[in-house]
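I have placed the structure first, in the form of structure tokens, so that the comments after it can refer back to it.
The values are calculated or read from the model by the stated rules, or taken from the named source; none is laboratory data. Only a predicted model underlies this, so the values are computations on that prediction, with no experimental measurement involved. Methodologically, a virtual Cβ is constructed for each residue, glycine included, from the backbone with ideal geometry; neighbour enumeration extends over all protein chains shown.
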Protein chains: 8
Amino acid sequence: MLKVYLSGEIHTDWREQIVAGAEGLDVVFSAPVTDHEASDDCGVAILGAEADKFWHDNKGAKLNAIRTRRGIEQADVVVVRFGEKYKQWNAAFDAGYAAALGKSVIVLSMPEHQHALKEVHAAALAVTSEPRQVVEILRYVLTGALPS
Amino acid sequence: MLKVYLSGEIHTDWREQIVAGAEGLDVVFSAPVTDHEASDDCGVAILGAEADKFWHDNKGAKLNAIRTRRGIEQADVVVVRFGEKYKQWNAAFDAGYAAALGKSVIVLSMPEHQHALKEVHAAALAVTSEPRQVVEILRYVLTGALPS
Amino acid sequence: MLKVYLSGEIHTDWREQIVAGAEGLDVVFSAPVTDHEASDDCGVAILGAEADKFWHDNKGAKLNAIRTRRGIEQADVVVVRFGEKYKQWNAAFDAGYAAALGKSVIVLSMPEHQHALKEVHAAALAVTSEPRQVVEILRYVLTGALPS
Amino acid sequence: MLKVYLSGEIHTDWREQIVAGAEGLDVVFSAPVTDHEASDDCGVAILGAEADKFWHDNKGAKLNAIRTRRGIEQADVVVVRFGEKYKQWNAAFDAGYAAALGKSVIVLSMPEHQHALKEVHAAALAVTSEPRQVVEILRYVLTGALPS
Amino acid sequence: MLKVYLSGEIHTDWREQIVAGAEGLDVVFSAPVTDHEASDDCGVAILGAEADKFWHDNKGAKLNAIRTRRGIEQADVVVVRFGEKYKQWNAAFDAGYAAALGKSVIVLSMPEHQHALKEVHAAALAVTSEPRQVVEILRYVLTGALPS
Amino acid sequence: MLKVYLSGEIHTDWREQIVAGAEGLDVVFSAPVTDHEASDDCGVAILGAEADKFWHDNKGAKLNAIRTRRGIEQADVVVVRFGEKYKQWNAAFDAGYAAALGKSVIVLSMPEHQHALKEVHAAALAVTSEPRQVVEILRYVLTGALPS
Amino acid sequence: MLKVYLSGEIHTDWREQIVAGAEGLDVVFSAPVTDHEASDDCGVAILGAEADKFWHDNKGAKLNAIRTRRGIEQADVVVVRFGEKYKQWNAAFDAGYAAALGKSVIVLSMPEHQHALKEVHAAALAVTSEPRQVVEILRYVLTGALPS
Amino acid sequence: MLKVYLSGEIHTDWREQIVAGAEGLDVVFSAPVTDHEASDDCGVAILGAEADKFWHDNKGAKLNAIRTRRGIEQADVVVVRFGEKYKQWNAAFDAGYAAALGKSVIVLSMPEHQHALKEVHAAALAVTSEPRQVVEILRYVLTGALPS
């Protein structure tokens, strides 16, 4: 059983595409909470409101860290997706975290970000631009079968 | 002797400010190569030209990794600077790498990036907005003296 | 499956509240022996009486360590409860032990202890004051659902 | 050279007694910032004021952690002092942190705390009640000489 | 499930006593090959004869190490039995190996060996003289129940 | 359950012989992709063609590393086969990788390579020349039974 | 100070070229014993003769391992040279050993070995074909200066 | 500089022979306290008398562990000497401790103990019977020079 953590962008359906494509493979996926609002507000919703936005975000980011660090630490493969919008520093942070733990990192990024992602790409075992390629890698790694 | 690695933005003089401010303290600083052009082209300059920009960058990023990973791994404190411009995914990558190794992370960032950096901030032991504050932390950590 | 170790105070039913609240979640709880008398006397009951109270306690504390260290080491999340009474140095010791191993620490403490616990709180990913909040964190971490 | 970290109580001169007693031995001591006020306020003094006492303390405890974790991680021996007053959960936290890292822990405590400290004592290689004994241990460990 | 490795003496039925006594507990036991002759000759039986007794023994000890190291590394608790006869350096070696890995060590030894075993005892969380006591420890660690 | 990774030569049926011989034993085997062509071309087949043979091979070797590193890291025993032909540096690389991780290494090699393999042999717990011997080792390690 | 271990081929002067080229840089080099005969015979010369070539070589390879493992473990950078002749499995073994420890690996190899070395190359941060390039990398990593 | 810890027997001058023989080599030696009486009584001499011999010895063994564990953990090479007399379980314990930490172990033992030490020998990189051989190994490892 291959454990795969799907890190990064939460605004498109790339995770669903990979999960659907990997049907039938011996893979277990995990991921951060992808409900943007819940993810942003979880800290204050559970632990109490904060007047200062910094602490509002800090409380939330720490709760999310319980899930994301465990996801990365228990994974065999960490897929990190960089999408079109936003700063996405959390995705790059996860990539660095995974690399330092010796995880196999697969990046799923866009050609226009190639230069900006060169350090992240250099720490990855594969750089892809389509969810389909991630699925093909998982299938190859598990079964030896290549796309026909 | 406190070993401090200064990661991130290479377009302003924040490193010089910190080094100057820390004069007289028992600190040794290290940093990535901050000559932008050398850093971009080191791979092909030494190992031979590449037709494809991806491999041009890949060769360079890997050479730089020899220096940056060692810098982070040997550091007690990793300061990560997020500046005004560019994607700066390498800075976030370094922060994640340092966090996974259990290093003390200090972030030096701008107020307007607060929300986007919340995961990185949550992994830090201090979030600063001025190089002067980094110096004050180093002084306090080493000597117990606070800014008057 | 999330592995959660419930460390600290053994005089109120906070563990039962959390376990009951987490019913239906994919969590496995572990905890120290919470029978105060058994915990105090286990060493001499099994290994033979001691004239000196120090060694009486030492034998017992070491037997308990077989259980508690394993509980912490195998946990994803360590909840540390500080109650109203007693010194509770074992709770703080467990928090330090868990923090050094990189575990996600949740503290369950009382507002009047805020200042005294600041170092422990600073090592935690969440500081709660009610067992209900711990349950809400576990539910959020596992399912993404926030309390309504 | 033996590296010794002196953790815990900051209200009596036990550190000075040990340092003076160990004169001439090949020991290097480190310790937390022992100026109570500076230690409490360092966070807001450097990083900016907080309305909420929790965050005031949190900022400070995190800055102090840069120093204390490094002190413990680089030490061969961690001496943890429990004094007469206060909760001293930070001392017990340090003991747990040191134990998890496999450091040699020496506790310096008072007879009346024996039972409450039994878990901490059980993780220690020596339990002392006088600074003089800590010095004698350091001398014996380094030179083989016993007190005459 | 508690994983327990039973190291040491292979000439009496102490392992059988512990396994029988622990019936009904959630324990899985492992142990070295306890057929003395097979253990001594396994190397040459599989890998070919040796003229020199040193290499005869070396080949065998290395094959046995595949089993014993795995047993210790995967165990939560390592019980080390010192019996009446022979040098039993392999038992002490296993105790040291287990201690360095941070395993919970229980020693099962004879009163007359107390002084000679003091370093091994000092690394153990319990020192017993009867297999029954080992069972009682396992039961207490797993269920909290003390012998009546 | 013993986890065994079968590294090295992919041109003869040594893996099949071991798997067949170990039938009935509590062993789970893993291995690299042994379809030579798929293994060579997987990188470009999934990630896109490369003009330069170096990058063609680099992309493939990195994809294969996702599988092989996981196989070695999760194994209890790593069997490394050196066959008759080719450079087989990947086999020796795997042996070094496994040795550094403290895995039990069994080498399956040919007498004529004895001198050239002396460093690899010195890091192994067994040196065999026949698949049958590997099976006998696995049977002995798991059951204590020697070949009759 | 950069610690560099020079592994592999011992029949040409590539080490001397690198050491000479790196004059003036803050580098300390280490290497295996490069006197072929001493390296082959050290075991029996010190520990006594062996009738069987396997044990002759085994004794020697283990003595050499005292030096080579320490060299690799203490290095920041491991340069692995593959020359024209011989099997050179020890070089590939060292590369695997270094990679598993997370060392920065630089390979110095010949174009005709490109395909056979693809797994080793894929684990390296740089692949060079001339000692001069290794020197240029060391200079760049330490000073940021590129070859003019 | 090679760090060598000299463990085991304290009744003959083997340590002095090795230290004298290694004069001029870049070696730093460490060792346990070799004054038998001080080593036995250090615990009670510093920490107070014990009525029970077990605790008398326990206190002493723990103080000695501060020195011996540090000695082993900081060593590159651990030499373990088994002499003529006594049980010497502490020597075998140290060998196991050193082996688990991946240290290079050299055993210095007597031919009549060959069979009893086979597990310890199998974990060593060299088995010697004379202090002179240990010196020759250290010289070879550091300089490449063999005994003439």
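Going residue by residue through segment A:125-141, is there one that turns out to be surrounded by 24 or more Cβ atoms within 10 Å (Cβ to Cβ), within 13 Å of chain B (Cβ to nearest Cβ) and not charged (D, E, K, R)?
Yes, segment A:125-141 contains a residue that is surrounded by 24 or more Cβ atoms within 10 Å (Cβ to Cβ), within 13 Å of chain B (Cβ to nearest Cβ) and not charged (D, E, K, R).
Filter segment A:100-112 for residues that are touching a residue at least 24 places away in the same chain (Cβ under 8 Å) and facing another protein chain (nearest Cβ under 7 Å); which is nearest to G:Ala122 (Cα to Cα)?
Only one residue tops the list, namely A:Ser104.
For segment H:113-124, which residues satisfy the criterion of being within 7 Å of another protein chain (Cβ to nearest Cβ) and either under 20 Å from H:Ala22 (Cβ atoms) or without any contact (Cβ under 8 Å) to a residue 12 or more places away in the chain (or both)?
H:Gln114, H:His115, H:Ala116, H:Lys118, H:Glu119, H:Ala122
Which count do you get for residues in segment A:47-57 that are out of contact with any strand residue (DSSP E or B) (no Cβ under 8 Å at 6 or more places or on another chain) and either farther than 22 Å from B:Thr128 by Cβ or in contact (Cβ under 8 Å) with a residue 60 or more places away in the chain (or both)?
Result for segment A:47-57: 2.
Every residue, every condition in (1) within 19 Å of the chain's Cα centre (by Cα); (2) outside any loop (DSSP other than H, G, I, E, B); (3) aliphatic (A, V, I, L, M), yes or no:
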{"site": "B:Val44", "(1), (2), (3)": "no, yes, yes"}
{"site": "B:His56", "(1), (2), (3)": "no, yes, no"}
{"site": "B:Lys59", "(1), (2), (3)": "no, yes, no"}
{"site": "B:Lys62", "(1), (2), (3)": "yes, yes, no"}
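Which numbered condition trips up H:Ala92, out of (1) modelled with pLDDT under 95; (2) under 14 Å from the mean Cα position of the chain (by Cα)?
Tallying (1) modelled with pLDDT under 95; (2) under 14 Å from the mean Cα position of the chain (by Cα), H:Ala92 fails exactly one: (1).
Go through segment B:33-42 and count every residue that is closer than 21 Å to G:Val27 by Cβ and not in a loop (DSSP other than H, G, I, E, B).
Total meeting the criteria: 3.
Being at pLDDT 95 or above and among the small types (Gly, Ala, Ser) is the filter here, so list the residues in segment C:104-148 that pass it.
Scanning segment C:104-148 gives C:Ser104, C:Ser109, C:Ala116, C:Ala122, C:Ala123, C:Ala124, C:Ala126, C:Ser129, C:Gly144, C:Ala145.
Please find, within segment E:107-122, the residue that is nearest to the chain's Cα centre (by Cα) out of those that are surrounded by fewer than 24 Cβ atoms within 10 Å (Cβ to Cβ) and among the hydrophobic types (A, V, I, L, M, F, W, C).
The qualifying residue nearest to the chain's Cα centre (by Cα) is E:Met110.
Could you list, in sequence order, all residues of segment A:109-148 that are part of a loop (DSSP other than H, G, I, E, B) and touching a strand residue (DSSP E or B) at 6+ places or on another chain (Cβ under 9 Å)?
Result: A:Ser109, A:Gln114, A:Leu117, A:Ala123, A:Ala124, A:Leu125, A:Ser129, A:Glu130.
I need the full set of residues from segment F:14-67 which are of a type in the set (A, V, I, L, M) and farther than 19 Å from A:Leu142 by Cα, in order please.
Matches in segment F:14-67: F:Ile18, F:Ala20, F:Ala22, F:Leu25, F:Ala49, F:Ala51.
Tally time: how many residues in segment B:73-99 are within 9 Å of chain A (Cβ to nearest Cβ), touching a helix residue (DSSP H, G or I) at 6+ places or on another chain (Cβ under 7 Å), buried (at least 24 other Cβ atoms within 10 Å of the Cβ) and of a type in the set (A, V, I, L, M, F, W, C)?
Qualifying residue count, segment B:73-99: 6.
Can you confirm whether segment B:64-72 contains a residue that is at pLDDT 95 or above, in a loop (DSSP other than H, G, I, E, B) and within 11 Å of another protein chain (Cβ to nearest Cβ)?
The answer is no, given that none of the residues of segment B:64-72 is at pLDDT 95 or above, in a loop (DSSP other than H, G, I, E, B) and within 11 Å of another protein chain (Cβ to nearest Cβ).
Since E:Glu84 meets every condition but one in (1) of a type in the set (Asp, Glu); (2) in contact (Cβ under 8 Å) with a residue 12 or more places away in the chain; (3) assigned to a helix (DSSP H, G or I), which condition does it not meet?
(3)
State all residues of segment A:73-89 that are of a type in the set (D, E, K, R) and at pLDDT 95 or above; if no residue qualifies, say none.
Of everything in segment A:73-89, those that are of a type in the set (D, E, K, R) and at pLDDT 95 or above turn out to be A:Glu73, A:Asp76, A:Arg81.
What residue, among those in segment G:1-30 that are of a type in the set (A, V, I, L, M, F, W, C) and touching a Phe, Trp or Tyr at 6+ places or on another chain (Cβ under 7 Å), is farthest from the other protein chains (Cβ to nearest Cβ)?
So, considering only residues that are of a type in the set (A, V, I, L, M, F, W, C) and touching a Phe, Trp or Tyr at 6+ places or on another chain (Cβ under 7 Å), the one farthest from the other protein chains (Cβ to nearest Cβ) is G:Val19.
Kindly check whether there is at least one residue in segment H:28-46 that is of a type in the set (Asp, Glu), closer than 25 Å to H:Gly96 by Cβ and in contact with a Lys or Arg (Cβ under 6 Å, 6 or more places away or on another chain).
No, every residue in segment H:28-46 fails to be of a type in the set (Asp, Glu), closer than 25 Å to H:Gly96 by Cβ and in contact with a Lys or Arg (Cβ under 6 Å, 6 or more places away or on another chain).
Hey, could you check segment G:35-57 for residues that are crowded, with 20+ Cβ neighbours inside 10 Å and in contact with a His (Cβ under 9 Å, 6 or more places away or on another chain) and say which is nearest to the other protein chains (Cβ to nearest Cβ)?
If we take residues in segment G:35-57 being crowded, with 20+ Cβ neighbours inside 10 Å and in contact with a His (Cβ under 9 Å, 6 or more places away or on another chain), then G:Asp57 is nearest to the other protein chains (Cβ to nearest Cβ).
Counting only residues that are under 16 Å from the mean Cα position of the chain (by Cα) and in a loop (DSSP other than H, G, I, E, B), which one in segment D:23-32 is surrounded by the fewest Cβ atoms within 10 Å (Cβ to Cβ)?
Filtering segment D:23-32 for residues that are under 16 Å from the mean Cα position of the chain (by Cα) and in a loop (DSSP other than H, G, I, E, B), the one surrounded by the fewest Cβ atoms within 10 Å (Cβ to Cβ) comes out as D:Ala31.
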